[in-house]
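I have placed the structure first, in the form of structure tokens, so that the comments after it can refer back to it.
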Amino acid sequence: MLLALPASAQDAANFPAKPIEIVVQNAPGGASDIFARTLARSAEKVFGQPLVVVNRAGGGGAAQMAAVKASAPDGYTIGVNTLSHFTAMQTNLKGVFSPEDFSWIAMVQQDAHVLFVRADSPHETFAQFIEATKTGGKPVTAGGYGAVGSIANIATKLVIDSASVEMDWVSYDASTEAITGLLGGHIELAVANPGVVAEFAEAGRVRILGVLAEERSPTFPEVQTFAEQGYDADPEWQQIRGIYGPAGIPDGIKQKLADGLIEAMQSEEFQRYQEQSAITGTRFGPQEYAERVNSMIELARKGLEATGALSQ
């Protein structure tokens, strides 16, 4: 006598039986959009179903998070999340969304931050830069993508605080605009992810002073991390990309999604994209990612407090 499988087990066994939507929080062409579209092409070959990217920009992530939260918990609507989702839950979207509103499926990327100056700067090292700042008696004029409380701003603030100097922040609408501001002399220190600044470093236009990460960047293997240089800035503060969905997705479907997406990331196209973007791939499935969410919320809280964007 054959026993019938529970409905959730049957659903997982047959999953996916139709296209999957990946909801992205920014407009076409953004970093998360490029990630989602590259992943979707590779994942279609794994799942045997199309993965359709849907852009829901607006509201500081609110439009995308609302769409994901309101979707059926069947695995057919998922979203891309970043560290910004965890800061938003404590600032502009506090009380609107919480981690419990979602299923955490997989954390698949980490993206470090690097701080840099113009190539013609007299400062060869971060220590020299800080010493000159202390001697001059003025705050560091630094800039990057986003306002106070943004991921780039927090990364810079953590490093600057560890060096015991003050900072004036100049916000830009894109990391490339911050680099233009640096080259134009409008700021003296800039922050970006390695993949964004690599071409400028290779062209001899900027000098990388340090990497905020636990390990050196493969893009700049000769550049020490700030920890190696003796600065106690939290190396966990890196941009991340993960996949999440509405609360209540069955465990079997979450695992099948995670396994399939991680398999898709091993494709030649996706690996080439990660290498060109200087992004580190990770492989945290549903259980590991869910366990990390609480630590990320705490990490985000500390970062926001450091910038004054969150009342302590």
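All of the numbers you see were taken from the coordinates with simple rules; none came from a lab. All values reported here derive from a predicted model rather than from experimental measurement. Here the Cβ positions follow ideal geometry from the backbone for every residue, glycine too, while neighbour counts run over all protein chains shown.
Restricting to the chain, what percent of DSSP beta bridges are antiparallel, rounded to 5? The answer is about 60 percent antiparallel. Between Ala70 and Glu228, the distance separating the two model label sites (each 7 Å from Cα on the Cα→Cβ line) works out to 4.9 nm.
Annotation: for a label point projected 7 angstrom from Cα along Cα→Cβ of Asp168, residues of the range 110-140 with backbone N closer than 15 Å are 133-134, 136-140. For the peptides 270-276, 134-140, the ranking by packing is 270-276, 134-140, with the highest mean count of neighbouring Cβ atoms within 10 Å listed first.
The distance between label points at Arg301 and Ala119 comes to 4.5 nm (points 7 Å beyond Cα on the Cα→Cβ vector).
Label point of Glu214 set 7 angstrom out along Cα-Cβ; within the range 237-264, amide nitrogens under 11 Å from it belong to 237. Here's the list of lysines a cross-link from Lys94 could span, going by alpha-carbon distance under 28 Å and ignoring same-chain residues fewer than 8 apart: Lys69, Lys157, Lys254, Lys302.
Compare the peptides 57-63, 71-77, 101-107, 234-240 by average per-residue count of other Cβ atoms within 10 angstrom and give them in order, highest first. Numbers along the way, then the final one.
Numbers: 57-63: 16.1, 71-77: 18.0, 101-107: 23.7, 234-240: 19.9.
In decreasing order of mean packing, 57-63, 71-77, 101-107, 234-240 become 101-107, 234-240, 71-77, 57-63.
Extension gain, Arg283-Glu202: 0.36 nm per intervening residue step, less the Cα-Cα distance, totals 26.2 nm. Sequence-distant contacts, meaning Cα pairs under 8 Å at least 6 residues apart, place the relative contact order of the chain at 27 percent.
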